[in-house]
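These notes concern the structure reproduced below.
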Number of protein chains: 4
Amino acid sequence: MKTAGIIGAGKADKELLELAEEVGRLLAKEGITVITGGLGGVMEAASRGAFLEGGITVGILPTLKKEDANPYVKIPIPTGMGEMRNALIVRASDLLIAIGGEYGTLSEIALALKTGKKVIGLKTWNIPGIIECHSAEEAVRLATSLIKGK
Amino acid sequence: MKTAGIIGAGKADKELLELAEEVGRLLAKEGITVITGGLGGVMEAASRGAFLEGGITVGILPTLKKEDANPYVKIPIPTGMGEMRNALIVRASDLLIAIGGEYGTLSEIALALKTGKKVIGLKTWNIPGIIECHSAEEAVRLATSLIKGK
Amino acid sequence: MKTAGIIGAGKADKELLELAEEVGRLLAKEGITVITGGLGGVMEAASRGAFLEGGITVGILPTLKKEDANPYVKIPIPTGMGEMRNALIVRASDLLIAIGGEYGTLSEIALALKTGKKVIGLKTWNIPGIIECHSAEEAVRLATSLIKGK
Amino acid sequence: MKTAGIIGAGKADKELLELAEEVGRLLAKEGITVITGGLGGVMEAASRGAFLEGGITVGILPTLKKEDANPYVKIPIPTGMGEMRNALIVRASDLLIAIGGEYGTLSEIALALKTGKKVIGLKTWNIPGIIECHSAEEAVRLATSLIKGK
């Protein structure tokens, strides 16, 4: 199983949500499993895109309840670890795609870079080490070649 | 998604492995996702039974590498948490079915009972609170009614 | 720093509490740090014994709030991990002394034995691998020789 | 117990190490426990400053071995959780002081800000939300008033 983690805020504007949904959809088309934090906003949009394309969507939740997952998560993993679960998202993902995002997303970006995982950025934090892309297509094309090229 | 965690030792004899495979197969027939620790022995046999029946199999691994999962795990979740990941198996499962097993299995049984989850036992530890069954069929019939009846 | 984890239920009868307090006191006299889960019952009694003897007491809490620690914990470590923090108690302890206890204690005993740590038992679960003792003095004498002999 | 987490890279230049040692020393003078990741660089310098001043130093280690702690850690907490232990450092600290630092430090800064903890920065990442200070004295004066004022 090849996996990409899509990270971003639980609340986001329309532009970011459309971007996340398109990224999710294109990853699913490539047969890449979409890992998210399982909640709303960018996490839900990305899951929705992948789900509607028939892909596999995993949601690694901060809470103890599977029911907290958004409806497009096929495989909810309730952890009860709060924000600490961000590290599990990073560990479960072959690479990360950050879309927008606030401090939670930043912590995931930093953990990923710290542990040697590639991070592709779309309208996100400007941190050295992130590979910036400008469209869903560009991001997924790059992600696919990085993941499958391994 | 309804889930059952199947727990048991990484090394087990033929009888336990056949039991685990049959439990996995019957759970998959009921549409219940099989959660395991993702490694060998009972974990692999249960995953194999469910996988060959077309079910979903999740493996919550102690290591950082998806490749450590047995070949019948469709969704590997590498945690890097060692034995601490046993708590995640319990949290991700609606109930637990313990088959044989040693100290690792005992820790999962205890955590499950501590947090109010039902544990069905097949040739496993004799601990008050475990619901003992005597065949794969009996265990899965009971598990199904407990899970779906919620 | 040499450490012993004292594990047992959050609610316990007078006999177990006195035993736990005496074990804590004797460990502190030996200069051994007492690790507990930081809450009430056996955890509090053990911390109290060590604290009043001038020893170091660490409480590895399930919650996010240091204030949840009993008053005899000098070093509270809030984890926010719930019962999953049991694994941290085991990891932080050179060996474990189990006093009474219910399912939570059983999960710690099992994790300790699984990872090769000695477990000394006082009126606790009857699990193969536990070294049974019959008094606080006997338990601490044995613990001290096992810890310092390493 | 009042606590401050001092975060920064495992390798740092002389200027940062002197800064970290002075911050540790001044916190200990205020009776504030110093929490670090327990390893070298900024973590060691901060622990050393506090230790030599007679303060309490806690090291929350990524590994399973207490022996991995630097010699100025009085209370080593081995977690075996790798970088995931960064979240435990944040949770155990009333506030964070970031000194220099790379991606690991950034993940801690982000987690702290995400969960509403103050972060004081000394020559560290330039992230909105960090309160920038320019000397050890200024940082500890501010930290003390924020921690004790709660």
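Every number in this text was worked out from the coordinates using simple rules, so none of it is lab data. Quantities reported herein were computed from a predicted structural model and do not represent experimental measurements. We place every Cβ from the backbone using ideal geometry, glycine too, and count neighbours over all the protein chains shown.
Give the order of C:E21, A:E18, B:E53 when sorted by the count of other beta carbons within 10 angstrom, beginning with the fewest. Don't skip to the answer; put the middle values down first.
Working: C:E21 23, A:E18 14, B:E53 17.
Placing the least packed residue first, the sequence is A:E18, B:E53, C:E21.
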With an 8 Å Cα cut-off and a minimum separation of 6 or more residues, compute the relative contact order for the stretch D:1-90 in percent. 26
For the residue pair A:E18 and C:D13, what label-to-label distance in nm results when each label sits 7 Å from Cα along the Cα-to-beta-carbon direction? 7.0
Can you give me the long-range amide H partners of D:K11? Hydrogens built in the peptide plane at 1.01 Å from N, cutoff under 5 Å, separation of 5 or more residues or another chain. D:V42
Let me know the mean shielding of D:86-94 by other chains, meaning the per-residue number of their Cβ atoms within 10 Å of its Cβ. 6
With a Förster distance of 35 angstrom and the Cβ-Cβ distance between A:L64 and A:S145, calculated FRET efficiency to the nearest 0.05 equals 0.40
Averaged over residues of A:68-77, the number of beta carbons from other chains lying within 10 Å of each residue's Cβ is 3
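Considering Cα pairs under 8 angstrom that are at least six residues apart, work out the relative contact order of chain D and quote it in whole percent.
Relative contact order comes out at 24 percent.
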Classify the stretch D:18-149: rounded, prolate or oblate, from the alpha-carbon gyration tensor (a ≥ b ≥ c, eigenvalue square roots; a/c under 1.5 rounded; otherwise prolate if a/b is larger than b/c)? oblate
If you put a point 7 Å past Cα along the Cβ direction, how far is that point for B:M1 from the same point in each other copy, in nm, smallest first? 0.7, 3.8, 3.9
If you bin every alpha carbon distance in the stretch A:71-150 into 5 Å steps from zero, what whole percent lands in each bin? 3, 15, 24, 24, 21, 11, 3
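Determine the calculated [θ] at 222 nm for chain D from helices alone, applying -39500 (n - 2.57) to every DSSP H run no shorter than 4 residues and normalising by the residue count; nearest 500 deg cm²/dmol.
On the way: 5 runs with 59 residues, N = 150.
Value at 222 nm, helices only: -12000 deg cm²/dmol.
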Using a ≥ b ≥ c from the Cα gyration tensor of the protein assembly as shown (square roots of the eigenvalues), is it rounded, prolate or oblate, where a/c under 1.5 gives rounded and otherwise the larger of a/b and b/c decides, a/b for prolate? oblate
Using θ = phi - 60° and the Karplus curve 6.51 cos²θ - 1.76 cosθ + 1.60, what whole-Hz ³J(HN,Hα) does each residue of the stretch D:117-131 get, with Gly and Pro shown as x? 9, 5, 10, 9, x, 10, 6, 10, 3, 9, 10, x, x, 6, 8
Could you tell me how far the Cα centroid of the stretch D:91-150 sits from the Cα centroid of the stretch D:1-60, in Å? 13
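Fewest Cβ neighbours within 10 Å first, please rank B:L88, A:L17 accordingly. Walk me through the intermediate numbers first.
Details: B:L88 27, A:L17 22.
Fewest-to-most ranking of B:L88, A:L17: A:L17, B:L88.
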Any idea how far apart C:K123 and B:E132 come out in nm if each label point goes 7 Å out from Cα toward Cβ? 2.8
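Arranged by the count of other C-beta atoms within 10 angstrom, fewest first, what order do A:L64, B:L111 take? Each step should come with its number before you reach the end.
Working: A:L64 15, B:L111 29.
The order, fewest Cβ neighbours first, is A:L64, B:L111.
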Just the Kirkwood number for the stretch A:1-88, please: inverse of mean 1/r across all distinct Cα pairs, in Å, one decimal. 12.2
